[in-house]
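The values are calculated or read from the model by the stated rules, or taken from the named source; none is laboratory data. Keep in mind that this is a model prediction, so the values were computed, not measured. Here the Cβ is made from the backbone with ideal geometry for all residues, glycine too, and neighbour counts use every protein chain on show. Ligands, DNA and RNA are stripped out before the accessible areas are found, and what is left, the full protein with its side chains, is counted by its heavy atoms. Shrake-Rupley method; radii C 1.70, N 1.55, O 1.52, S 1.80 Å.
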Amino acid sequence: QLDAFYASIILFVGRAWDAITDPMVGFFISKSSWTCFGRLMPWIIFSTPFAVISYILIWFVPDISRGQVMWYLVFYCIFQTLVTCFHVPYSALTMFISREQSERDSATAYRMTVEVLGTVLGTAIQGQIVGKVDTPCIESPFFIGMTNSSVALEELNMTHDTGLLTDTRNAYMIAAGVIGGLYILCALILWAGVREKRESSELQSDEPVSFFQGLKLVMNHSAYIKLIAGFLFTSLGFMLLEGNFALFCTYTLGFRNEFQNILLAIMLSATLTIPFWQWFLTRFGKKTAVYVGISSAIPFLILVAVLDSNLIVTYIVAVAAGISVAAAFLLPWSMLPDVVDDFKLQHPNSHGHEAIFFSFYVFFTKFTSGVSLGISTLSLDFAGYQTRGCSQPIEVNFTLKMLVSAVPVVLILLGLILFKLYPIDEEKRRKNKKALQDLRQESNSSSESDNTELASIV
């Protein structure tokens, strides 16, 4: 029942705040001492119950005439902060469970498969519970003979809100409760089933780590900056597609009752093809997988914008987009540990900066999400988009075509061009692996000789 402008402000400010909290959480994690549960796991466990409570409050409609905007803004920012306290250490766990590149790649593949599967499950739960409630669209005032659009829309909203939105409100709360329960269940499974290995993190001392010095080193690391630059554009392209595809299916293609199933087709396709991309990157290399996987969406994105509305073609495009989404999900997280290894070789005496790498990587991902939201909101608002309208002006349909086809294609191409600068290919990765093994062996032999000398003195 909020004005679309205020809803956009809440989402944009929340995403911006979320992006700011990632480096902050990375800073505090880098300062955390080792506990009996590990260095990262306490952050995950203690943030979980509060994150669930704040998530449910996002979907609660307070019985207040004023202050609803502030209510949603505050709890949305709190929720994003608590999710950051979960997501940054959860992502960094990859570096803390094994030293072997192959094992970390395998763990990343499993993690991203289940993460996409979780997105499918969340989409299905939210879509099916809320979708069972019929919330009618609003006819455009221009078609019902009213001259004052804002007054007409307000009167129509009040008419529809009487009784009908009660069921919708309850449906959203039920969906929030179910998803919150799943959140707690998954956090408990993570706590019971995953153990951090202190030797894998190579943090053998609890001496305080200089965060800002580490941040300066990380942001000056060439491979890290080039990896971020390449995926900044490709991620923005896929987020524009993801954020506007439901509206595109509803209004431009006219599949109002099918868009939930089309979104499920995208996510199921992504889930099923992540194992294929894991095999592909081990067989042909990660840079090749990036070019093949991400660029494969381009012809289908062009196809859906050029051809007339056709449900079969839309499902084909959805499946093809899901295949590329799988590559876009998996490959950045699979390549980040290689960058961290390369950094360790260049700075062998600088330890404990894994959280900085992962927190800023999450920061840039969320930054693109906020930019995507801003571009979409401003473009649709400028085109004359009408919230809950049964139909939209021609300008809105054209804008939606641009946001799900032309703009993502251009951004993906720019990202792939920038990615050519990324220096870690398969040969470089193998050399780094061998060099790290040599360094560890040298460190272990040095430690053993020190112990022998100490024993002889005693």
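Brief remarks follow.
- Full-extension gain in nm, Tyr291 to Asn261, via 0.36 nm per residue minus C-alpha separation: 8.0 nm
- With K and R counted +1 and D and E -1, the other residues having a Cβ less than 13 Å from that of Leu217 yield a net charge of 0.
- Computed from phi, the 3J(HN,Hα) profile of the range 10-22 under the Karplus parametrisation 6.51, -1.76, 1.60 (θ = phi - 60°) reads 4, 5, 5, 5, x, 5, 5, 4, 4, 5, 5, 6, 4 Hz, with x in place of Gly and Pro.
- Rounded accessible area per residue of the range 210-441, 1.4 Å, Å²: 43
- Couplings 3J(HN,Hα) of the range 68-81, computed from phi: 5, 4, 5, 4, 5, 5, 5, 6, 5, 5, 4, 4, 4, 5 Hz, in residue order, whole Hz [Karplus 6.51 cos²θ - 1.76 cosθ + 1.60, θ = phi - 60°; x for Gly and Pro].
- Neighbour net charge for His87 - beta-carbon separation under 14 angstrom, K R +1, D E -1: 0
- Radius of gyration and Dmax over the Cα atoms of the range 210-441, both given in Å: 19.9, 68
- Here the range 44-108 has an Rg and Dmax of 17.2, 57 Å, counting Cα atoms alone.
- Size of electric dipole in the chain: Cβ of Lys, Arg +1 and of Asp, Glu -1, about Cα centre, debye, nearest 20: 660
- Taking amide H as placed 1.01 Å from N in the peptide plane, Asn310 has no amide H partner under 5 Å among residues 5 or more places away or on another chain.
- Area of Phe259 that stays accessible when all protein chains are in place (1.4 Å probe, Å², to 10): 50
- At the residue level, Glu442 shows approximately 120 square angstrom of accessible surface with a 1.4 angstrom probe and all protein chains present.
- Charged-residue dipole, Cβ positions (Lys, Arg, Asp, Glu), the range 1-130 about Cα centre, Debye nearest 20: 260
- Two-site label geometry, Tyr110 and Lys431: point separation in nm, points 7 Å out along Cα→Cβ: 3.2
- Of the residues His347, Ala107, Cys77, the one whose Cα sits farthest toward the positive end of the charge dipole of the chain, with +1 on the Cβ of Lys and Arg and -1 on the Cβ of Asp and Glu, is His347.
- Under-5 Å amide H pairs with Gly389, H placed in peptide plane, nonlocal only: Ile138
- From the alpha carbon centroid of the range 80-129 to that of the range 25-40 is 19 Å.
- Sum of -39500 (n - 2.57) over DSSP H runs of 4+, divided by residues of the chain (222 nm, nearest 500): -26000 deg cm²/dmol
- For the peptides 327-335, 104-112, 28-36, residues were scored by their other Cβ atoms within 10 Å and the scores averaged per peptide; the highest-first order is 327-335, 104-112, 28-36.
- Candidate residues Lys132, Lys216, Lys226: accessible-area rank, largest first, probe 1.4 Å: Lys132, Lys216, Lys226
- Calculated Rg and Dmax of the range 351-413 using C-alpha coordinates, Å: 16.8, 57
- Note that the range 244-260 has calculated 3J(HN,Hα) couplings of 10, 5, 5, 5, 4, 5, 6, 9, 6, 8, x, 9, 4, 8, 10, 5, 5 Hz, one per residue in order, obtained from phi through the Karplus relation 6.51 cos²θ - 1.76 cosθ + 1.60 (θ = phi - 60°); glycine and proline are x.
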